[in-house]
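Read through the structure below, which is laid out as structure tokens, and then see the notes.
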Amino acid sequence: MPERYDPAPVESKWQGLWEREKAFRAEPVSRDGGSPDMPDGAKAYVLEMLPYPSGEIHMGHVKNYTMGDVIAHQRRRSGARVFHPMGYDAFGLPAENAAIRTGEPPATVTRRNIARIRTQMKRLGFALDWDTELSTAEPDYYRWTQWLFLRMFEAGLAERRQAAVNWCPVDQTVLANEQVVDGHCERCGALVELRQLTQWFLRITDYAERLLDDMAGLVDWPERVLAMQRNWIGRSEGARVVFRTEDGAHEIPVFTTRPDTLFGATFFLLAPEHPLVAELVAGRPEAEAVTEYVRRAVQTSLADRSDAEKPKTGVDTGRRVVNPVNGEELPIWVADYVLMDYGTGAIMAVPGHDERDFAFATAFGLPIRRVIAPEGTAPDEPLEEAYSGPGRLVNSDFIDGLEVDEAKPAMAAWLQERDLGEATVGYRLRDWLISRQRYWGAPIPVIHCPDCGVVPVPDADLPVLLPDVDDYAPKGQSPLAASEAFVNVDCPVCGTAARRETDTMDTFVDSSWYFLRYTAPALTTAAFEREVVDYWLPVDQYIGGVEHAVLHLLYARFFTKVLHDLGLVGFVEPFARLFTQGMIYRDGAKMSKSKGNVVAPDEIVDRYGADTLRLYVLFMGPAADDIEWSDQGVEGQRRFLDRLWRLVAGQEAGPLAARPTLEQLADDPVALELVRKAEATVQKATVDITERFSFHTAIAAIQELVNLGTRGVSAGELGGAAGAQALRYASQTAVSLLFPFAPHVASELWEALGGGSLHRETWPQADPAFLVRDVVTVVVQVNGKLRDRLEVAPGTPDAEVVALA
RNA sequence: GCCGGAGUGGCGGAACGGUAGACGCGGGGGACUUAAACUCCCCGGCCCCUCGGGGCGUCCGGGUUCGAAUCCCGGCUCCGGCACCA
């Protein structure tokens with residue numbers, strides 16, 4: 001072997017071998033013409049979130065896929081059948097925006113980017129099953145996205161309805177709630193507007209309870225991700241209470257988490273968008289002022305509307321509702337702090353015990369009434385501010401004297417008996433708006449017929465192919481509308497001239513089921529086969545960025561539950577174990593082109609080799625944490641590989657060494673120490689990778705072992721027969737342990753040490769005989785109290801220990 | 001405000017109730033070299049010191065324990081999520 005380590009020839013040699021052998025191909029996979037056999041034994045589906053094919057991969061991808069690669073290698077070596085596929089989340093705005101600038105079709109841009117990314121991933125030597133590669137933007141994939149949409153449509157889970165929706169004025173499309181961050185478009189940062197539009201929704205809210213419940217027990221996920229999903233779903237227990245207008249003409253239900261404070265309600269509020277507002281004031285003197293208030297409120301941006309610091313505004317309608325518990329008439333106001341899409345769009349206002357209602361009452365001179373008195377407070381003591389702590393109910397008739405926690409169910413029961421309401425649960429989660437008025441996505445497969453209404457495209461007519469258009473620019477409606485040939489169709493039911501839906505689907509729909517399609521990447525007769533998805537799924541280990549905690553990860557869970565209910569899959573959670581990686585920073589900021597602090601993976605591979613890069617991204621620090629990139633840190637990992645290479649190159653050619661026995665090592669303490677360290681390292685590295693996700697400490701342990709060997713050599717202490725064998729054995733151990741992290745150089749060194757192809761090897765097993773410590777700790781107590789701690793040889797007689805103490 | 005996570009050298013971090021600082025970066029010293037680079041060896045928490053050692057050290061204050069970075073209670077600070085959600 002060459003004296004110096006040169007990564008380029010080593011890496012291309014092994015990459016070529018793995019590719020020729022299809023070394024990481026997985027079975028079973030569904031293909032046309034017959035179902036595969038289901039094997040016995042352990043399986044491991046190791047998956048990383050698929051990349052969006054913008055120009056090239058970045059360091060975050062390298063870290064993500066290297067982690068997955070290490071897990072996949074490790075599981076394979078421990079005997080599991082491993083599935084480790086890769087694909088591309090290929091629909092979406094960046095390719096489309098590039099198309100608008102250059103005129104080049106998004107499909108062309110996307111396919112070129114995919115080819116580039118594939119090349120980069122192959123250069124990094126990832127152990128992927130390239131035969132199952134997929135792109136969500138290809139018709140043979142999105143055909144099935146459309147097919148799944150139609151199944152949801154049939155089940156009543158996809159529906160078209162009018163609602164106040166988020167509109168991004170820059171991207172010229174509507175957005176899901178999950179894509180609005182602090183009132184701004186997640187993609188472009190523009191201030192989001194609210195518009196009343198008719199759009200397609202998926203009824204994710206029907207699954208709110210199960211999305212919440214299944215988090216406990218069914219998934220092993222980081223606590224912070226579970227917390228984010230919990231926050232996002234936003235469950236709150238309360239009651240629905242029905243109020244009637246004073247003339248008895250209208251029922252207006254409200255949702256409240258505080259039914260116990262019903263006697264404290266002194267006024268009643270409607271959201272500006274509430275459908276009853278116009279009717280209630282029609283023909284009344286207040287009509288003009290109310291209409292004007294509503295008009296202004298509706299125009300206010302989402303960000304301004306939801307600013308809690310803003311002074312309270314509102315307008316009196318002159319109308320009244322009757323409080324169902326005491327028959328009291330309460331004035332109805334319209335106020336923009338009441339949101340139409342949470343609860344019922346109407347609230348009972350309890351200024352004594354709600355901060356916002358208190359501010360409103362103060363601003364407009366409305367009465368404030370105490371109904372809860374904390375310990376030691378008189379029932380009629382005035383309130384300086386809204387009180388929301390514990391206490392007993394006062395001024396509340398039949399629930400007087402109850403604690404808050406007792407009063408809530410008591411009131412709910414009272415209401416239910418009289419048919420005036422009931423205990424209920426509210427969620428912050430909204431339905432998933434999936435329509436996009438953009439070109440580069442899967443067309444929504446429905447047809448609008450003047451006679452039949454919304455008609456699904458028959459399965460046999462799928463895919464609804466994206467038409468070629470000349471202009472991809474958004475104009476407030478989908479660019480697909482410009483294609484006459486696309487739009488004008490006959491109704492599949494009655495044959496009348498009809499129009500196709502021109503909106504496309506949110507790309508998060510595409511990525512909500514891709515992990516199923518890997519099991520049937522080229523199947524033309526179905527999206528996937530139940531037997532095969534049930535074999536591989538749930539994903540045993542999923543890895544990706546935390547930024548998808550409430551986007552992709554929530555949507556994919558929802559899809560999986562829907563598919564389960566439709567009988568298409570046999571599991572309810574897609575990802576059994578999740579790991580969210582931290583971001584890579586440089587100069588204190590996230591790497592980004594605009595900040596000019598990007599380190600391109602290719603440059604590092606060119607300069608130091610793929611193995612050095614792989615090693616470094618995992619050695620940097622805990623994989624879950626955000627860590628600062630260090631150019632010198634990369635060099636440190638290259639120095640380590642150089643050192644290991646020299647250590648192996650300095651040894652004579654020959655077959656693999658057997659582990660020396662304790663007898664052989666009896667007269668050579670340095671050699672014994674080295675073998676013992678090798679055994680301990682096997683144990684530690686295995687635990688670190690499989691149980692702790694602690695790659696950096698696993699690597700550190702391997703480095704410690706190599707350092708011990710290197711120091712022994714330079715001190716001339718491993719010269720004898722036992723020493724040489726120990727050194728060879730320790731080198732083998734280090735090389736073998738290094739394989740998942742740095743597979744090319746490890747394979748090369750393993751071969752040089754006399755081994756076969758390392759990717760077919762099993763994980764080295766530690767010999768317990770070497771792991772026994774030769775000292776034990778003895779705790780010494782005198783008179784039951786006095787303390788000391790001694791290290792003695794195992795089996796030392798008590799008398800001797802006492803003498804030492 | 002509510003929910004979650006975290007505070008250890010100059011830096012990334014290790015130790016998962018048992019020698020605090022593994023491994024690496026940066027720094028210092030030495031060997032090799034005409035010289036440099038590479039490589040190899042050694043030293044790096046702080047403060048004293050008679051050079052043998054001593055004292056203090058893991059955000060702060062208490063506690064449990066023979067023993068706490070680690071467990072418990074109370075603070076402080078930072079990061080992330082949600083938030084006019086009734």
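Odds and ends about this structure:
- Three-way shape label, the stretch A:1-50, alpha-carbon gyration tensor, a/c 1.5: prolate
- Full extension of the segment from A:Ala715 to A:Glu484, taken as 0.36 nm per residue of separation minus the current Cα-Cα distance, would add 75.0 nm.
- Gap separating the Cα centres of the stretch A:533-570 and the stretch A:404-421, nearest whole Å: 39
- Of the three principal axes defined by the Cα atoms of the stretch A:397-491, the extents in descending order read 73, 31, 22 Å.
- Here A:Glu288 and A:Arg577 are evaluated by their C-beta separation; at R0 = 56 Å the FRET efficiency comes out at 0.40.
- Three-way shape label, the stretch A:467-600, alpha-carbon gyration tensor, a/c 1.5: oblate
- DSSP bridge orientation in the stretch A:262-354 - percent antiparallel, rounded to nearest 5: 75
- For the stretch A:152-223, the alpha carbon convex hull comes to 128 Å³ per residue, rounded to a whole number.
- Nearby aspartates and glutamates by direct alpha-carbon distance to A:Lys677 (threshold 18 angstrom, same-chain neighbours under 8 apart not counted): A:Glu663, A:Asp667, A:Asp668, A:Asp688, A:Glu704, A:Glu717, A:Asp767, A:Asp774
- Taking a ≥ b ≥ c as the square roots of the eigenvalues of the alpha carbon gyration tensor, the stretch A:329-443 is prolate, as a/c is not under 1.5 and a/b beats b/c.
- Value of D in µm² per second that Stokes-Einstein yields for the stretch A:596-645, Kirkwood Rh from Cα pairs, at 25 °C (0.890 mPa s): 217
- If only the Cβ of Lys and Arg carry +1 and only the Cβ of Asp and Glu carry -1, the dipole of the stretch A:63-155 around its Cα centre is close to 500 debye.
- The simple spin-label model puts a point 7 Å past each Cα toward its Cβ; for A:Glu56 and A:Thr102 those points are separated by 1.5 nm.
- Theoretical gain in end-to-end length, A:Lys122 to A:Val425 [0.36 nm per residue, Cα-Cα removed]: 104.0 nm
- Kirkwood Rh and Cα Rg combined as Rg/Rh, the stretch A:203-312: 1.07
- Label-reachable residues, the stretch A:627-641, where backbone N falls under 14 Å from a point 7 Å from A:Asn597's Cα toward its Cβ: A:627-631
- DSSP-loop GluC sites (Glu not before Pro) across the stretch A:350-402, with at most 15 other Cβ within 10 angstrom: A:Glu375, A:Glu384, A:Glu385
- A:Glu159/A:Glu329 FRET efficiency (R0 51 Å; Cβ-Cβ; nearest 0.05): 0.85
- log₁₀ of I(q)/I(0) at q = 0.14, 0.26, 0.29, 0.32 Å⁻¹ - the stretch A:333-383, Debye sum with one point per alpha carbon: -0.43, -1.01, -1.14, -1.27
- Trypsin sites (Lys or Arg not before Pro) lying in DSSP loop within the stretch A:489-594, provided at most 12 other Cβ fall within 10 Å: A:Lys593
- Where a label projected 7 Å from the Cα of A:Asn231 along Cα→Cβ would reach, residues of the stretch A:188-212 with amide N under 18 Å: A:212
- Label positions at A:Arg418 and A:Glu223, each projected 7 Å from the Cα along the C-beta direction, are separated by 4.5 nm.
- Here the gap between A:Ser757 and A:Glu21, fully extended at 0.36 nm per residue and compared with their Cα-Cα distance, gives a gain of 263.8 nm.
- Hits among aspartates and glutamates - C-alpha to C-alpha of A:Lys13 under 17 Å, sequence gap 8 or more where chains match: A:Glu21, A:Asp606, A:Asp611, A:Glu748, A:Glu751
- A simple spin-label model places pseudo-atoms 7 Å from Cα toward Cβ; at A:Ala303 and A:Thr525 they are separated by 5.4 nm.
- Volume per residue that the Cα convex hull of the stretch A:564-698 spans, once the total is divided by residue count, Å³: 228
- The lysines whose alpha-carbon is closer than 27 Å to the alpha-carbon of A:Lys561, local same-chain residues fewer than 8 away aside, are A:Lys43.
- Spherically averaged projected area of the stretch A:23-91 from its Cα convex hull (nm²): 6.1
- Antiparallel beta bridges, as assigned by DSSP with both residues in chain A, represent about 80 percent of the total such bridges.
- Sparse-neighbourhood loop sites, trypsin sites (Lys or Arg not before Pro) in the stretch A:1-52 - DSSP loop, at most 11 other Cβ within 10 angstrom: A:Arg4, A:Lys22
We did not get these values from a lab; they are worked out from the coordinates using the rules stated. The shown structure was predicted, so the numbers you read here are calculated from the model rather than taken from an experiment. Backbone-built Cβ (ideal geometry, glycine too); neighbour counts: all protein chains shown.
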